[in-house]
Amino acid sequence: MPGSVTIVGPGRMGLALGAALVDSESVERLTLFGRRPEPPAHPLFTHGQARYVYGVEPLERDTRAVLLAVPDAAVPEVAFSLAAQGPAPDGCAAFHLSGSLSTDVLAPLHGVGFELGAFHPLQAVSNPVRDADRIPGSYIGVTGSPAAIRVARVIANGLGCSIFTVPAGRRPLQHAATVLASNYLVPLLDLSARLMERAGVSADDALPALLPLVRGTLQSIEERGLAASGRGPLVRGDAETVALHLRALDPEDQRLYALFGSELLRLVDSELDDHTQAALAELFDRHTALETSGTGG
């Protein structure tokens, strides 16, 4: 593991990642650069586990990685500020944590001797203290020079994480995948909870009633894979129940139900006979087809 690591940006991910590095005992010294005069109220600082710097300063000579845990729009400015501090320590790599940016935004750092890379943890962090425990065992999406990827691999190994490499031109695709799997789960569950309430379930019980089901589905996916974890009327080929659901929904919700149903049908179609597949596909197509009616010329 690199002797010293510097994290720029003591936000949720920066703090959680720093805490995970300290907890795994895989970093000798940890420094965080921030834009506020006082450090955040976090055990890293109250327990003396990390040093806080207001602004930026030259990196310690044994620093082997600097991680820019800042919003995407701020990465170029931070790269310029760090580059202005002087030459990179020997063998040091600079990473941003963005899921979609290329390493081009770090170009000023390359000019002063840094190896460049992207180090994107596939993990959701909402609480920088509690959620540090989520990082070990996660995957890290990595892009960069061979030397930067070697440093990233050492950091990931120290954290107990796995890495995968993504060509620079395909990083937006990889980021879109993570957004679908994580962020878009939120509106899906919001829709499910609203439908529970419309069915008569109290607002206090609607989401809590669904979460054990979600956790069970995720566990099944982890153990058996996606296709083998499908459940419910579609997988059973029960087109009548699917049609009943669609009739109970508002037009906007019908379209969402049908879109997700079409995707699930694609996953499990080998389990269904041709007649059932066709009936379900026709049912979903009826609610997902674009409206083309108009007044004409």
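Taking residues in segment 264-282 that are within 18 Å of THR217 (Cβ to Cβ), and partners anywhere that are open to solvent by less than 50 Å² (accessible area, probe 1.4 Å) and part of a helix (DSSP H, G or I), the pairs with Cβ atoms closer than 6 Å and at least 6 places apart or on different chains are LEU264/LEU234; LEU265/LEU280; VAL268/VAL235.
The residue that is farthest from GLY113 (Cα to Cα), among those in segment 9-65 that are among the β-branched types (Val, Ile, Thr) and surrounded by 13 or more Cβ atoms within 10 Å (Cβ to Cβ), is VAL22. Out of (1) buried (at least 16 other Cβ atoms within 10 Å of the Cβ); (2) in contact with a Gly (Cβ under 8 Å, 6 or more places away or on another chain); (3) not basic (Lys, Arg), the odd one out for SER145 is which? Of everything listed in (1) buried (at least 16 other Cβ atoms within 10 Å of the Cβ); (2) in contact with a Gly (Cβ under 8 Å, 6 or more places away or on another chain); (3) not basic (Lys, Arg), SER145 misses just condition (1).
When we screen ASP133, ASP90 for residues that are over 23 Å from PHE33 (Cβ atoms) and of a type in the set (Asp, Glu), the only hit is ASP133. The set of residues from segment 41-58 being touching a strand residue (DSSP E or B) at 6+ places or on another chain (Cβ under 8 Å) and not acidic (Asp, Glu) comprises LEU44, PHE45, GLN49, ALA50, ARG51, TYR52, VAL53, TYR54, GLY55, VAL56.
For segment 108-127, filtered to residues that are among the hydrophobic types (A, V, I, L, M, F, W, C) and surrounded by fewer than 21 Cβ atoms within 10 Å (Cβ to Cβ), the residue that is farthest from the chain's Cα centre (by Cα) is VAL112. Looking only at segment 170-177, decide whether some residue is touching a helix residue (DSSP H, G or I) at 6+ places or on another chain (Cβ under 9 Å), modelled with pLDDT under 95 and open to solvent by less than 70 Å² (accessible area, probe 1.4 Å). No - not one qualifying residue is present in segment 170-177.
Residue-level analysis places PRO58 outside the set of residues that are in contact with an Asp or Glu (Cβ under 9 Å, 6 or more places away or on another chain) and more than 21 Å from LEU15 (Cβ to Cβ).
So that you can scan it fast, the table gives a plain yes or no per residue for (1) surrounded by fewer than 23 Cβ atoms within 10 Å (Cβ to Cβ); (2) within 14 Å of the chain's Cα centre (by Cα); (3) in contact (Cβ under 8 Å) with a residue 12 or more places away in the chain:
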site	(1), (2), (3)
PRO76	yes, no, yes
LEU82	no, no, yes
PRO89	yes, no, yes
ALA94	no, no, yes
SER100	yes, yes, yes
LEU106	no, no, yes
VAL129	yes, no, yes
ARG134	yes, yes, yes
GLY141	yes, yes, yes
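Just a yes or no: is a residue in segment 200-214 outside any helix (DSSP H, G or I) and closer than 22 Å to ILE7 by Cα? No, because not a single residue in segment 200-214 is outside any helix (DSSP H, G or I) and closer than 22 Å to ILE7 by Cα.
Looking at this structure, is VAL151 in a helix (DSSP H, G or I), surrounded by 15 or more Cβ atoms within 10 Å (Cβ to Cβ) and of a type in the set (A, V, I, L, M)? Yes; evaluated as a whole, the condition is true for this residue.
The values are calculated or read from the model by the stated rules, or taken from the named source; none is laboratory data. The shown structure was predicted, so the numbers you read here are calculated from the model rather than taken from an experiment. Quick reminder, even Gly has a Cβ in these numbers, built from the backbone with ideal geometry, and neighbours come from all protein chains shown. These area figures cover heavy atoms from the full protein model, side chains too; ligands, DNA and RNA do not enter into them. Shrake-Rupley method; radii C 1.70, N 1.55, O 1.52, S 1.80 Å.
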